[in-house]
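A quick write-up on the structure given underneath.
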Amino acid sequence: MSALKPLKKAVLPVAGLGTRFLPATKALAKEMLPVVDKPLIQYAIEEARAAGIEQFCLITGRGKTSIVEHFDLAFELERTLEERGKKAELEGLRAMAMEPGSLVTVRQQVPMGLGHAIWCARSFVGDDPFAILLPDDLMLCDTPAMKQLADAYHETGGNVVAIEEVPRDKVNRYGVLDVAEDKGRLVSVKGLVEKPPVEKAPSNLTIIGRYVLMPEVISHLARMERGAGGEVQLTDGMASLIGTQPFHGLRYEGRRFDCGDKAGFLEAQIAFAMTRPDMAPAVREFLQRYR
Ligand code: G1P
């Protein structure tokens with residue numbers, strides 16, 4: 001295969017209103033909700049960096065400025081931590097510092113769907129392959145999920161989306177694969193349907209919020225065709241690429257927590273706390289009280 005373009009860009013849609021978490025999200029961006037002590041958006045950015053991504057585009061909306069603040073230098077805070085000898089906290093902040101110019105934001109002025117949000121990043125994407133990370137999908141994986149996708153992209157070229165099997169009666173919440181060939185870890189795709197009725201779903205293999213896409217998807221999204229729920233759907237744009245470019249699903253290794261859902265968000269708190277040696281014993285102990 002001819003040399004693939006490196007994967008250096010990621011688009012992170014963060015314009016959603018977070019209505020499922022009201023009133024918490026009335027004045028707070030849902031992507032700033034913490035799991036243990038880190039906001040959801042930071043998990044996504046760190047995961048992307050671990051896959052070699054260097055340039056980030058946040059698709060924002062009104063009320064989301066705290067996300068941008070979060071990734072800026074906080075000079076006074078760092079100074080105070082330094083004076084107080086809070087080394088670990090200071091190192092934590094310094095480790096998340098962004099390269100100057102590596103984070104840009106674009107506003108999605110109207111909520112027309114995920115496909116429209118991605119189209120808003122068209123100048124950022126240009127002619128390059130790009131990753132998409134939906135911060136609501138929080139991943140707990142030994143190898144970061146986006147790194148697994150980037151590796152798969154280097155094997156197959158073309159488009160790769162992270163997939164998982166869900167119970168049949170839940171397929172209508174997701175983008176669903178029509179499978180051409182199931183090779184186990186990789187699945188080649190002949191079609192994609194966004195949120196099909198359960199009885200019409202072509203499989204129970206669903207897309208989760210991690211993608212590596214070719215820039216051509218943008219021109220399909222630009223047609224602004226409305227799909228499921230009357231929105232411009234990313235899934236429909238991706239489906240238009242099939243047949244002209246490789247398109248694979250990757251059964252990633254690890255676990256996904258749907259942090260757009262209250263129970264999923266709570267479970268993520270527990271699961272992530274259990275990975276922390278400083279917290280796991282206390283969490284294990286108090287959980288016994290809730291059996
Ligand atoms: C979006 C996508 C859907 C995908 C899901 C993964 O849906 O449209 O194809 O399966 O993310 O989380 P949403 O959750 O925004 O309704």
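Based on DSSP, what percent of beta bridges with both residues in the chain are antiparallel, to the nearest 5? Bridges in the chain are about 60 percent antiparallel.
The label point for residue 128 and the one for residue 54, both projected 7 Å from the Cα toward the Cβ, are 0.8 nm apart. Both radii were evaluated on the Cα set of region 1-144; the Rg over Rh quotient, with Rh as the Kirkwood radius, amounts to 0.99. The apolar share of the surface of region 139-291, taken as the fraction of accessible area on carbon and sulfur atoms (1.4 Å probe, ligands and nucleic acids excluded), comes to 50 percent.
For region 199-291, the equivalent ellipsoid derived from the Cα gyration tensor has semi-axes of 38, 15, 13 Å, listed largest first.
In the structure displayed, which of 38/147; 9/87; 9/190; 30/200; 26/147; 147/170 lie more than 30 Å apart, Cα to Cα? Going by Cα-Cα distance, 9/87; 30/200; 26/147 fall outside the 30 Å limit.
Per residue, the convex hull spanned by the alpha carbons of region 123-165 comes to 102 Å³.
On a 0 to 90 degree scale, rounded to 10, what angle separates helix 145-156 from the longest Cα axis of the chain? Orientation of helix 145-156: about 30 degrees from the principal axis. The label-point distance for residue 266 and residue 24, in a model that sets each label 7 Å from Cα toward Cβ, rounds to 1.1 nm.
Subtracting the Cα-Cα distance from 0.36 nm times the residue separation, let me have the gained length for residue 183 to residue 66 in nm, one decimal.
So the extension gain works out to 37.8 nm.
For the pair residue 4 and residue 142 in one chain, pulling the backbone fully straight at 0.36 nm per residue adds 47.1 nm over the alpha carbon distance. Electrostatic bookkeeping for residue 111 treats Lys and Arg as +1 and Asp and Glu as -1; over the other residues with beta carbon under 11 Å from its beta carbon, the sum is 0. Taking 0.36 nm per residue of separation and subtracting the current Cα-Cα distance, fully stretching the chain between residue 37 and residue 154 would add 38.8 nm.
With each label modelled as a point 7 angstrom along the Cα→C-beta vector, the residue 283-residue 46 pair spans 1.3 nm.
Comparing Cα centroids, region 219-254 and region 146-211 end up 11 angstrom apart. In the full protein context, the chain carries 51 Å² of accessible surface per residue, based on a 1.4 Å probe and ignoring ligands, DNA and RNA. Summed over all non-identical Cα pairs, the Kirkwood treatment of the chain gives a radius of 20.0 Å.
The values are calculated or read from the model by the stated rules, or taken from the named source; none is laboratory data. Only a predicted model underlies this, so the values are computations on that prediction, with no experimental measurement involved. Note that each Cβ is placed from the backbone with ideal geometry, even for glycine, and that neighbours are counted across all protein chains shown. When the accessible area is computed, the model is the full protein with side chains, heavy atoms only, and any ligands, DNA or RNA have been set aside. Shrake-Rupley method; radii C 1.70, N 1.55, O 1.52, S 1.80 Å.
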